[in-house]
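The values are calculated or read from the model by the stated rules, or taken from the named source; none is laboratory data. Computed from a predicted model, the values in this text were never measured in an experiment. Every residue, glycine among them, receives a Cβ derived from its backbone with ideal geometry; neighbour counts consider all protein chains shown. Side chains are part of the model used for accessible areas, which takes the heavy atoms of the whole protein and leaves out ligands, DNA and RNA. Shrake-Rupley method; radii C 1.70, N 1.55, O 1.52, S 1.80 Å.
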Amino acid sequence: MNTLENRPWRVMLPWEHADEGCFEVDVIAPDAETARLAAATKMLEADTCAEFDSEADRDEWIRGRAEAALLVSDLRKDALHDLREILAVELGLGAETAGAPEICWDALKALARLHRDHLLAKQPAECDRLAYRITRSDGDGAVTHAGSLHSIHAAVQEARSHGGAYELSFL
């Protein structure tokens, strides 16, 4: 038996009130119809004015909003299409044609899992502190100061603030 896999969808629904524009939400669902219904349910949760006499009225409202969807987009397909466009030159995929090869989601997912540490690398230097040593040469001989800061710029300013000649080393 072939079961549908949950995947991310972006759904845009019109608000009842013209001045409120559209309601856009990302949902996880196995297909477009379920995504529409999930988005309409979230819209109902966000609508503070909605009141219903019965559960049937509530369900009818949700179905009506789902049927009026302005956009139901499979984010996985969109991402694969965008990635293909971005990497077309690097991968040698050539111009967009009807028979052009598509990027395989399962292969991309396997690569992402294999290289997860590289893809989710830590942000540079904001979290880590840089250890440094300042050695100043003045009339009294060499004076060494060690510490840690968040940036190289701050270490240089620290060294310059004492005046005179200095040597700055990062540990």
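Taking the condition modelled with pLDDT of 90 or more and in contact with a Pro (Cβ under 9 Å, 6 or more places away or on another chain), does Asp26 pass?
Yes.
From the list Leu171, Leu120, exactly one residue is at pLDDT 70 or above, open to solvent by 100 Å² or more (accessible area, probe 1.4 Å) and of a type in the set (A, V, I, L, M, F, W, C). Which is it?
One residue alone meets the criteria, Leu120.
Assuming Ser73 fulfils every condition listed in (1) free of Cβ contacts under 8 Å to residues at least 40 places away in the same chain; (2) under 21 Å from Asn6 (Cβ atoms) apart from one, which condition is it?
Condition (1) is where Ser73 drops out.
Kindly indicate whether Gly21 is among the small types (Gly, Ala, Ser), open to solvent by less than 50 Å² (accessible area, probe 1.4 Å) and over 28 Å from the mean Cα position of the chain (by Cα).
no
Looking at the range 40-49, can you tell me whether even one residue there is of a type in the set (Lys, Arg) and either in contact (Cβ under 8 Å) with a residue 24 or more places away in the chain or within 30 Å of Pro101 (Cα to Cα) (or both)?
Among the residues of the range 40-49, not one is of a type in the set (Lys, Arg) and either in contact (Cβ under 8 Å) with a residue 24 or more places away in the chain or within 30 Å of Pro101 (Cα to Cα) (or both), which makes the answer no.
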